[in-house]
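Everything on this sheet refers to the single structure shown next.
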Amino acid sequence: MFRVHCNKCSRRRDIEPAIPFQLTRCHHIICGPCLTACAAEKKCPICGRPLQSIAISRDMPISVANYFQDPAKFLQLYRKISKFQSEQRSSDNLHFWRREQRYDDLQLKLDGYTKMEAQLNQQTKVEKKRIAELREYIAYHERPAVDSLDGSLSSSEYIAAGGHSRGRPQTPSDHATTDNTLSDDLVESFCLDSETDFVTKKSKHHPMSTSMRNSGSQSQDFQM
C-alpha cells in the first residue's frame, strides 16, 4: 500500500529491516532511533502529542493491522454490509405491510362478531323471559287444586296451602320464540360473508363491485 518509513528521518523499513518501527496513537510512524531520542520528552516528535506507540509487526492487534490493509477489501465488505442491511429493511417493511393487511381482515371479522354477540345477547334475553313463563306455568299446575265439587278446600285454605288466587297463566309455546339459533354452519357462513364484504370494500371502484355486494347480501342467513 505504501512504503513504511519514519515520519521524522525518512528511514525506510525495507532498506533497514533490522530497525524497529512503531505506530503512535496519533497515527505517525517513528523508527527506533528517533523514538529513543524523544523518549525523555514523552511527546510525539511530529505533532507534540503525548507519546503512546505500538510496534509494527505481525503480532499487531487487528484494529491496528487494518491500517496496513488494502482499502478495496474494506470497500467490498462495506458493500456487502450495506446490501445485507438494505435487504433486512425491505423484509421488515414487507412484513409490516402484510400485518396491516391482516389487521384490516381481522377488524372486519371483529365487527361481524360484535354484531353476532349483540344478536345472541338479545336472543338470550328473550329465552330467559320464556323460561320464566315456563316456570310460572309449571308452578301453577304443581299447586294443590281447589276441589270445586265437594268444597273440601275453601279459597282461603287453598291460598294457605300454596295455591294462587289469580287466573291460570297463559300456556307457553312449545318451541323457541325465535329461530335464530346460530349453528356452526351458520357461524362459518357468517365469517365467509364478512370476508366477502371485505373484498367488496377493497374493490369498490371496480365495475363488478355492485354485483359482488348484491350477491354477498343475498348469501346471509340471518339478520345482522
Multiply the residue separation of H27 and A132 by 0.36 nm, subtract the distance between their alpha-carbon atoms, and state the gained length in nm to one decimal. 28.4 nm
How do 110-118, 82-90 rank on mean C-beta neighbours within 10 Å, highest first? 110-118, 82-90
Distance between modelled label sites at E41 and I62, nm, 7 Å Cα→Cβ extension: 3.7
Tell me which of L108, F84, W97 sits at the most positive position along the dipole axis of the range 70-110, charges placed on C-beta atoms (Lys, Arg +1; Asp, Glu -1). F84
Each residue of the range 28-39 in order: what ³J(HN,Hα) in whole Hz does its phi give by Karplus 6.51 cos²θ - 1.76 cosθ + 1.60, θ = phi - 60°, with x for Gly and Pro? 10, 9, 10, 7, x, x, 5, 5, 5, 5, 9, 5
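All of the numbers you see were taken from the coordinates with simple rules; none came from a lab. Please read all numbers here as calculations on a predicted model, not as lab measurements. Here Cβ is always computed from backbone atoms with ideal geometry, including for glycine, and neighbour counts include all displayed protein chains.
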